[in-house]
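Report on the following structure.
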Amino acid sequence: MREHPRWSDAAETCVPCARKAPRPELPEHPLFAPWRRELRETAPTCVDLKVPHYLKPESFDPGPGDCFAHGSVAWLDEPRWPSCGVCARPLEMCVQLTPAVLADFLPGGRGLAALFCFHCGVAKNSDPRVAYVRLVEPRHRVTGPEAWQSASSGWRRESLRVTPASPATELPPAIWYRYRSEITPETASSALFGFNALDLDGPFPKGFDPDQLEEVGEEYDDWLAQQRGGASWGGARLGGVARWDQADATPSCAHGEMPHLLDYGGGQFLDGALHVFSCRERVCELAFVAEF
């Protein structure tokens with residue numbers, strides 16, 4: 001605690017939510033007690049987005065006031081279906097959010113549309129040419145081409161309704177801190193969980209037995225599992241930290257490291273997700289990183 005008084009910078013890596021959520025209820029723990037208050041006060045607020053299981057689609061024709069995923073319909077600024085800037089194939093719909101749902105994170109009267117090329121995007125996972133990830137006014141109903149061979153792991157031709165939940169708090173798992181440790185080695189979470197984690201030497205707090213602990217990160221995740229009122233993953237999420245699967249690859253713009261805005265899996269990215277980021281000053285274009 002003396003050497004690493006700050007737990008992490010998790011809250012600073014996320015686009016903040018205008019609506020508040022109850023703080024997480026964490027039980028006492030002898031090892032993490034010095035940072036328990038910071039963890040509760042800085043837990044990022046997020047909105048879980050429930051994407052129905054793609055093997056059980058609902059018959060649904062989305063309108064401009066709906067959130068949806070998959071399918072061959074989009075509501076865009078222009079009356080044309082976007083194509084890949086590398087191979088010229090039509091992009092594949094991932095998810096679209098209405099201005100009303102996005103307003104708690106990015107006010108301004110625009111929604112978000114995310115379409116992706118799964119032919120080129122695996123190799124060019126952050127190249128803006130292989131995706132249409134933009135803030136849009138849902139003015140034009142656009143349909144994709146009839147002859148379409150999907151290259152993703154689970155795209156459905158039917159549009160699936162996406163249901164936003166109430167705001168909730170999310171504490172990052174140990175693996176997020178491990179990836180983040182290369183960027184913030186001076187924090188306590190990086191010291192405990194990072195690639196160059198400190199060996200724990202005594203004296204230890206009362207009630208903590210290092211002989212019963214195989215890994216500090218596992219102990220932390222087990223502790224988090226006891227919290228009440230946390231967010232649940234439904235296939236997509238607004239806000240919160242990026243659910244990195246391989247490494248922290250947070251993009252930057254002219255105003256520094258970009259805060260995380262959206263994660264979308266939805267059955268199309270296998271175990272990974274499409275991570276979307278916004279400029280801190282809200283003037284640069286959205287950026288994305290795709291993991292598979």
## Note on the structure
Note: among 230, 267, just one is modelled with pLDDT under 90 and within 19 Å of residue 47 (Cβ to Cβ), namely 230
## Note on the structure
Output for Cβ contacts, cut-off 9 Å, separation at least six or different chains, first residue over 30 Å from residue 106 (Cα atoms) and in contact (Cβ under 8 Å) with a residue 12 or more places away in the chain in region 126-151, second of a type in the set (Lys, Arg) and surrounded by 16 or more Cβ atoms within 10 Å (Cβ to Cβ), reads 148/89; 150/156; 151/89
### Query
Out of (1) touching a helix residue (DSSP H, G or I) at 6+ places or on another chain (Cβ under 6 Å); (2) on the phi < 0 side of the Ramachandran plot, what's the single condition that is false for residue 109?
(2)
### Task
Could you tell me whether residue 44 is surrounded by fewer than 21 Cβ atoms within 10 Å (Cβ to Cβ), on the phi < 0 side of the Ramachandran plot and either within 18 Å of the chain's Cα centre (by Cα) or in contact (Cβ under 8 Å) with a residue 24 or more places away in the chain (or both)?
no
### Task
With the condition kept exactly as written, say whether any residue in region 139-157 is under 30 Å from residue 19 (Cα atoms), modelled with pLDDT of 95 or more, buried (at least 18 other Cβ atoms within 10 Å of the Cβ) and out of contact with any Pro (no Cβ under 7 Å at 6 or more places or on another chain).
no
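Can you tell me which residue within region 104-117, out of those that are touching a strand residue (DSSP E or B) at 6+ places or on another chain (Cβ under 9 Å) and in contact (Cβ under 8 Å) with a residue 60 or more places away in the chain, is farthest from residue 160 (Cα to Cα)?
108
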### Task
Only residues that are on the phi > 0 side of the Ramachandran plot and either of a type in the set (Ser, Thr, Tyr) or touching a Pro at 6+ places or on another chain (Cβ under 9 Å) (or both): list them for region 59-106, please.
70, 71
#### Entry: Any chance residue 59 is among the hydroxyl-bearing types (Ser, Thr, Tyr) and exposed (fewer than 12 other Cβ atoms within 10 Å of the Cβ)
yes
### Query
In this structure, does residue 171 turn out to be of a type in the set (A, V, I, L, M), over 30 Å from residue 92 (Cα atoms) and touching a residue at least 60 places away in the same chain (Cβ under 8 Å)?
yes
### Task
Could you tell me which residue of region 170-187 is modelled with the lowest pLDDT, considering only residues that are under 17 Å from residue 222 (Cα atoms) and touching a strand residue (DSSP E or B) at 6+ places or on another chain (Cβ under 9 Å)?
170
### Task
May I ask you to verify whether residue 86 is among the β-branched types (Val, Ile, Thr) and assigned to a loop (DSSP other than H, G, I, E, B)?
yes
### Task
Residues being part of a strand (DSSP E or B) and either more than 17 Å from residue 135 (Cβ to Cβ) or without any contact (Cβ under 8 Å) to a residue 40 or more places away in the chain (or both): count how many of those fall in region 244-263.
5
### Task
Count, please, the residues in region 55-83 that happen to be in contact with an Asp or Glu (Cβ under 9 Å, 6 or more places away or on another chain) and not in a loop (DSSP other than H, G, I, E, B).
3
### Task
State whether the residues of region 201-220 include one that is at pLDDT below 75, under 30 Å from residue 165 (Cα atoms) and under 24 Å from the mean Cα position of the chain (by Cα).
no
#### Entry: Residue that is farthest from the chain's Cα centre (by Cα), among those in region 96-125 that are among the polar types (S, T, N, Q) and closer than 30 Å to residue 21 by Cβ
98
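The values are calculated or read from the model by the stated rules, or taken from the named source; none is laboratory data. Computed from a prediction, not measured in an experiment: that's the story for all the values here. Because the Cβ atoms are built from the backbone with ideal geometry, glycine has one as well, and the counts that use them run over all protein chains shown.
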